[in-house]
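Engineer: Sharing a structure below in structure tokens format, with a few things to ask.
The values are calculated or read from the model by the stated rules, or taken from the named source; none is laboratory data. Please read these numbers as outputs of a predicted model, since none were measured by experiment. Because the Cβ atoms are built from the backbone with ideal geometry, glycine has one as well, and the counts that use them run over all protein chains shown. When the accessible area is computed, the model is the full protein with side chains, heavy atoms only, and any ligands, DNA or RNA have been set aside. Shrake-Rupley method; radii C 1.70, N 1.55, O 1.52, S 1.80 Å.
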Amino acid sequence: MPGKIDGGKTPDQIKNQFSLVLGDPFIFYHEGRYYAYGTQSPNGIVVYVSDDQEAWKVPAEANNGLALHKDDVYADRWFWAPEVYFVNNKFYMYYSADEHICVATADSPLGPFKQEIKKPMIVNEKCIDNSLFIDDDGKAYLSFVRFTDGNAIWIAELEEDLTTLKMETLKPCLNVSQDWEKEMGRVNEGSFIVKHNGIYYMSYSANHYESPMYGVGYATATNIMGPWEKSAMNPILQKPKGLTGVGHSAMFRDKNGDLRIVFHSHNSNTKIHPRLMHISRVNFENVDGEEVMQIGDDILTPVLKEE
């Protein structure tokens, strides 16, 4: 049993008191402020704010810390893996609810995010982990997990409303294929796409999220609809600096325009929940004439600042 310090609290309790506990995290930078969303509450999607990525707080303007409340949207359980984007003067949140992919909108990054029609994007099929990518020509795409081979990643084009999938464009991207992905379960999930020098890079997580060997790899393509080729450098993030169960990442540009990655880890080597949020840098390095995606060693573990 862990020893107790600081007035009877265990080391894990002290860590959780100050660390930002957030699974499947996503960071959105808008008008000088950082917003973090993730899997945490049974009642919807939480939001935290920060000026520097290091110290975060619960915004007083949010509804009990929630950017999205289950009363305003489809389903009443399992609110997972949100992402937020600002397009055409409106904020869009893509997330999973009751193992269905959904999208809700708001006039503020703090919410309240709502659905005018309370339904998922695909009504008759369970899917999770939907992620938006808008290409240089303005076309929008959604990558997400279908349960077709364990957890497999697919992609489809979106209509201009950013809420309707063009199902006729649906194509598979990734499923379990590399040896490092076979530690636990059949899982490729948590996709996120960026474009660098004309090449599409899709990061993803592999292994069951409960596995200490949960980690992040990436694949590349010259056409966003594929085919996608996984990197021989994979995994690019797995058990860094003593952290275990790292993954379900997303990327964002910070106030300086630098590319960052946010991801979660297990709470400790012996406990999965509550998961902790971490931030690092994303670099593209030339290796044998090929630009490869790399994650920096400088991992920031943000703290929750009490008012």
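Engineer: Does residue 53 count as polar (S, T, N, Q), open to solvent by 20 Å² or more (accessible area, probe 1.4 Å), farther than 16 Å from residue 113 by Cα and under 18 Å from the mean Cα position of the chain (by Cα)?
Structural biologist: No, not satisfied.
Engineer: Output the number of residues of region 213-246 satisfying the condition of being within 24 Å of residue 142 (Cβ to Cβ), within 18 Å of the chain's Cα centre (by Cα) and either basic (Lys, Arg) or open to solvent by 20 Å² or more (accessible area, probe 1.4 Å) (or both).
Structural biologist: Summing the residues that are within 24 Å of residue 142 (Cβ to Cβ), within 18 Å of the chain's Cα centre (by Cα) and either basic (Lys, Arg) or open to solvent by 20 Å² or more (accessible area, probe 1.4 Å) (or both) in region 213-246 gives 1.
Engineer: Consider region 126-184. How many of its residues are without any contact (Cβ under 8 Å) to a residue 24 or more places away in the chain, of a type in the set (Gly, Ala, Ser) and over 26 Å from residue 78 (Cβ atoms)?
Structural biologist: Within region 126-184, residues that are without any contact (Cβ under 8 Å) to a residue 24 or more places away in the chain, of a type in the set (Gly, Ala, Ser) and over 26 Å from residue 78 (Cβ atoms) number 1.
Engineer: Step by step: first the residues of region 109-140, then only those that are polar (S, T, N, Q) and surrounded by 13 or more Cβ atoms within 10 Å (Cβ to Cβ), then the one that is nearest to residue 199 (Cα to Cα). Which residue is that?
Structural biologist: 131
Engineer: Tell me yes or no: at least one residue of region 61-83 is part of a loop (DSSP other than H, G, I, E, B) and of a type in the set (Ser, Thr, Tyr).
Structural biologist: Yes: one or more hits.
Engineer: Another question, then. Scan region 141-168 residue by residue and report those that are over 19 Å from the mean Cα position of the chain (by Cα), of a type in the set (A, V, I, L, M) and open to solvent by less than 60 Å² (accessible area, probe 1.4 Å).
Structural biologist: Passing the criteria: 158, 165.
Engineer: Which members of region 233-265 meet the condition of being in contact with a strand residue (DSSP E or B) (Cβ under 8 Å, 6 or more places away or on another chain) and among the charged types (D, E, K, R)?
Structural biologist: Correct list: 239, 253, 254, 255, 258, 260.
Engineer: Of the residues that make up region 188-203, is at least one at pLDDT below 95 and open to solvent by 50 Å² or more (accessible area, probe 1.4 Å)?
Structural biologist: The answer is no; no qualifying residue exists.
Engineer: Now a separate question. Condition first: among the aromatic types (Phe, Trp, Tyr) and not in a strand (DSSP E or B). Now tell me which residues in region 189-211 satisfy that.
Structural biologist: 209
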